[in-house]
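One structure is given below, encoded as structure tokens.
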Amino acid sequence: MKKLWGGRFTKGTDKVVEDFHSSISFDQRLYRHDIRGSIAHARMLGRQGIIFPEEADTIISGLTAVLADIEAGSVEFDVGAEDIHMNIEKLLTERIGDVGRKLHTARSRNDQVALDIRMYLKEEIYVTAGLLAGLEETLLKLAERHAGTVMPGYTHLQRAQPVTFGHHLMAYFQMFVRDMARLKDCLERANVMPLGSGALAGTTFDLDRDAVAAELGFARITENSLDGVSDRDFAIEFCAAASIIMMHLSRFCEEIILWSSAEFKFIELDDAYSTGSSIMPQKKNPDVAELIRGKTGRVYGDLMALLTVMKSLPLAYNKDMQEDKEALFDAIDTIKGSLLVFTPMVETMRLNEQAMAQAARGGFTNATEVADYLAKKGVPFRNAHEIVGKLVLDCINKGKSLEDLALEEYREASPIIEADIYDAINIEKCVAARNVPGGPAPAVVADSIKRGWEWLEDIKKNFRF
Ligand code: ARG
């Protein structure tokens, strides 16, 4: 088949090469963006008198018809036409004749592909941010319900100090707030229009780049033609942001997996979000959480692939960059798929509040409170720490908890201790007393939730989804 670029060639491409370098199998998902970009380009060419306005009109209606054909599923893409850009140009020319061959005036596939990916990514950032906002909303609602649900907080996966489930959820909320800011930031860098960069050195035609940017909804145009065609930072930034989101999801998933074990019994996943075993009839497995945890690795891989493809590439365009798409698409698909299933899984999981409270109670999570009690009565904290350490050891030997110790036992350890110690070590009161800003006290968490709702409102307004 004659190539669109075949003029200087005397021989066709080897079939093996054709299959090897064709990207149509994966870049066909850019067809809408490619056509929209071409329509804006053609309109501008007509308006600038670079082609006749009637020619621009014919091209635009031709492209609109090609779009309809693709959407109707009546188009078979041609591997020989290499990529989505040349496939569409070919379909256009088949439809409207030679005037279709004018579309590529003052344009290169290099600035065209840079445009298409940016348009595509911008859309997907909105979708991802919308899913993330949905998760944030779910976390706020759950945190509201559980601002007073006591559970142990952990360090080293050892019970440490009591917190609430609401506080725990709001920790994740904060992570996703930062993730949202990263997405917004990435959007800003993707929101720059590269058409007009040409192959690498711009064009001699008198283009109106700003008009194209405005028609396509870009905030501004790229400043440098070499950079315009060879920049893929925005794709790398998206994969980095997606990697961090996946990292956060994987931490949450790990906890969900632990919590649904018989050893913890803190939660039970809804049947709709768990799966069984083909051999062990009793099993109910947290596969969804495990899969998200596993898919985190894929997205890190996508990021690493992009960074490695771009490493050491000389300016400007190099064919290596065609490898950007599959990694980016995979990261986008994976993050969206993960968020789509994660949110309802969390929304529908059932809490075993009793098991949580009991775990908070039995494991000396209030030992710091006894030390604080002594410190507040003037005992230097290091001494208090020592005294309570011995008390805990005593408890372990006797198989008791701090709540079980008699007042005499406390007073043996330190005569300063009085009957109000029981109040001080009451788990609910321990949590309520941790009312420093940022702390787990229900009142403080309630404040944080309130600010969370305000943030969500704000994000919805200025992210426009
Ligand atoms: N399919 C190519 C890509 O994705 C389009 C740009 C091709 N440009 C070129 N000079 N071969 O990168």
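Quick notes on this one:
- Between VAL379, VAL309, the distinction of being away from the ligand (no atom under 16 Å from the Cβ), more than 25 Å from LEU291 (Cβ to Cβ) and not polar (S, T, N, Q) belongs to VAL379 only.
Let's see how each residue does on (1) modelled with pLDDT of 95 or more; (2) in contact with a Leu (Cβ under 7 Å, 6 or more places away or on another chain); (3) of a type outside the set (S, T, N, Q); (4) surrounded by fewer than 19 Cβ atoms within 10 Å (Cβ to Cβ):
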position: PHE238; (1), (2), (3), (4): yes, yes, yes, no
position: ALA242; (1), (2), (3), (4): yes, no, yes, no
position: MET247; (1), (2), (3), (4): yes, no, yes, yes
position: LYS325; (1), (2), (3), (4): yes, no, yes, no
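- Breaking point among (1) open to solvent by 60 Å² or more (accessible area, probe 1.4 Å); (2) away from the ligand (no atom under 13 Å from the Cβ); (3) assigned to a helix (DSSP H, G or I), for HIS41: (1)
- On the stretch given as segment 165-197, residues that are within 30 Å of ALA424 (Cβ to Cβ), out of contact with any helix residue (DSSP H, G or I) (no Cβ under 6 Å at 6 or more places or on another chain) and not hydrophobic (A, V, I, L, M, F, W, C) total 2.
- Test: residue in segment 34-45 that is farther than 24 Å from ARG209 by Cβ and among the hydroxyl-bearing types (Ser, Thr, Tyr): no
- The condition of being hydrophobic (A, V, I, L, M, F, W, C), crowded, with 21+ Cβ neighbours inside 10 Å and either within 16 Å of the ligand (Cβ to nearest atom) or modelled with pLDDT under 95 (or both) holds for only one of LEU103, LEU92, LEU63, that being LEU103.
- Selection status of ASP69, open to solvent by 20 Å² or more (accessible area, probe 1.4 Å), farther than 30 Å from MET246 by Cβ and either modelled with pLDDT of 95 or more or more than 16 Å from the ligand (Cβ to nearest atom) (or both): yes
- Qualifying residue in segment 367-375 (condition: away from the ligand (no atom under 16 Å from the Cβ) and either basic (Lys, Arg) or more than 27 Å from GLN158 (Cβ to Cβ) (or both)): no
- Screening SER261 with (1) touching a residue at least 60 places away in the same chain (Cβ under 8 Å); (2) within 30 Å of ALA357 (Cα to Cα); (3) of a type in the set (Ser, Thr, Tyr) gives one miss only, at (1).
- Failed item in (1) open to solvent by 40 Å² or more (accessible area, probe 1.4 Å); (2) within 26 Å of GLU188 (Cβ to Cβ), with LYS265 passing the rest: (2)
- Among helices (runs of 4 or more DSSP H) entirely within segment 405-465, having at least 1 residues that are in contact with a Ser or Thr (Cβ under 8 Å, 6 or more places away or on another chain) singles out 427-433, 442-463.
- Across segment 327-342, the qualifying residues are those that are more than 16 Å from the ligand (Cβ to nearest atom) and open to solvent by 20 Å² or more (accessible area, probe 1.4 Å), and the one among them that is farthest from CYS430 (Cα to Cα) is ASP333.
- The residues in segment 387-403 that are more than 13 Å from ALA367 (Cα to Cα) and assigned to a helix (DSSP H, G or I) can be counted, and the count is 2.
The values are calculated or read from the model by the stated rules, or taken from the named source; none is laboratory data. The structure displayed is predicted, hence computed values, not measured ones. Methodologically, a virtual Cβ is constructed for each residue, glycine included, from the backbone with ideal geometry; neighbour enumeration extends over all protein chains shown. Just so you know, the surface numbers come from the protein's heavy atoms only, side chains and all, with ligands and any DNA or RNA stripped out. Shrake-Rupley method; radii C 1.70, N 1.55, O 1.52, S 1.80 Å.
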